[in-house]
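In what follows, a single structure is set out as structure tokens and then discussed.
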Amino acid sequence: MKISAALVAVFTVVAAVILSTTGTTAEPDTTSAPGGSAAATAVVRPDSHRLSSAPQGSPVFVEFLDFECEACRAVYPAIEQLRAEYGDRISFVVRYFPLPGHFNAERAARAVEAAAQQGAFEQMYQRMYDTQADWGEQQVPKDALFRSFAADLRLDLAAFDAAYADPATAARVAADLADGQALGVQGTPSFFFDGRRFEPSTYQDLTDAFDAALD
């Protein structure tokens, strides 16, 4: 699939920002098989959400993200394009990592998780990024707006409301956050590829790694 120069440029700029703010000191985890270290197991859990599922044994790409993070929103089109090209050969996994400085980040994650309980994870994930400019970086709760997204997706609103307010939903989000912290994640987006911390500086770093893993 042909990648636009603009998309490559955006990813390169965002990657530079990520590297400058998070650094490169985290050691990669080299044991990703079941039964490996606790850190390796925490990269992907059995209940981790998958945007695409390749056959068993295929490479796995994991993103720890914050729906209110502007850098996450900026790389979102690149991730979507990678998924379109590689999604049948590489599994794309999403982990929640709402940052404390983002007022609505945890709420957004709970809304996505509540939608996931009705089989609409991907749709709500996309809606959050598509609308981030409307609700991000604000210091007022956006619960009603997130509920309107559920209505737009024709979800059962009573079930959505119950899940959104359920402590178990918050705990599910917190579990992802805890895994990320245990892995050394400090900012978003943070990537792991086949159990190892992966810090690409360009879009081609991603495609090169994917192609090498698939050879």
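What to note about this one:
- Out of THR207, THR169, sole residue that is surrounded by 15 or more Cβ atoms within 10 Å (Cβ to Cβ), out of contact with any helix residue (DSSP H, G or I) (no Cβ under 6 Å at 6 or more places or on another chain), among the β-branched types (Val, Ile, Thr) and assigned to a helix (DSSP H, G or I): THR207
- Filter result for LEU145 (surrounded by fewer than 21 Cβ atoms within 10 Å (Cβ to Cβ), under 22 Å from GLU70 (Cβ atoms) and hydrophobic (A, V, I, L, M, F, W, C)): yes
- For PHE160, the conditions (1) open to solvent by 20 Å² or more (accessible area, probe 1.4 Å); (2) at pLDDT 95 or above; (3) more than 28 Å from VAL60 (Cα to Cα) are fulfilled apart from (1).
- Residue within the range 192-211 that is farther than 28 Å from SER58 by Cβ and not hydroxyl-bearing (Ser, Thr, Tyr) present: no
- From PHE193, PHE210, residue being in contact with a strand residue (DSSP E or B) (Cβ under 7 Å, 6 or more places away or on another chain) and within 25 Å of ASP88 (Cβ to Cβ): PHE193
- Residue in the range 43-77 that is surrounded by the most Cβ atoms within 10 Å (Cβ to Cβ), counting only those that are of a type in the set (Val, Ile, Thr) and under 15 Å from PRO189 (Cβ atoms): VAL75
- Screening PHE103, PHE146, PHE67 for residues that are of a type in the set (Phe, Trp, Tyr) and closer than 20 Å to ASP47 by Cβ leaves exactly one candidate, PHE67.
- Among residues of the range 175-198, those that are in a loop (DSSP other than H, G, I, E, B) and either open to solvent by 20 Å² or more (accessible area, probe 1.4 Å) or closer than 13 Å to LEU99 by Cβ (or both), counted: 8
The values are calculated or read from the model by the stated rules, or taken from the named source; none is laboratory data. Quantities reported herein were computed from a predicted structural model and do not represent experimental measurements. Here the Cβ is made from the backbone with ideal geometry for all residues, glycine too, and neighbour counts use every protein chain on show. Heavy atoms of the whole protein, side chains included, go into the accessibility calculation; ligands, DNA and RNA do not. Shrake-Rupley method; radii C 1.70, N 1.55, O 1.52, S 1.80 Å.
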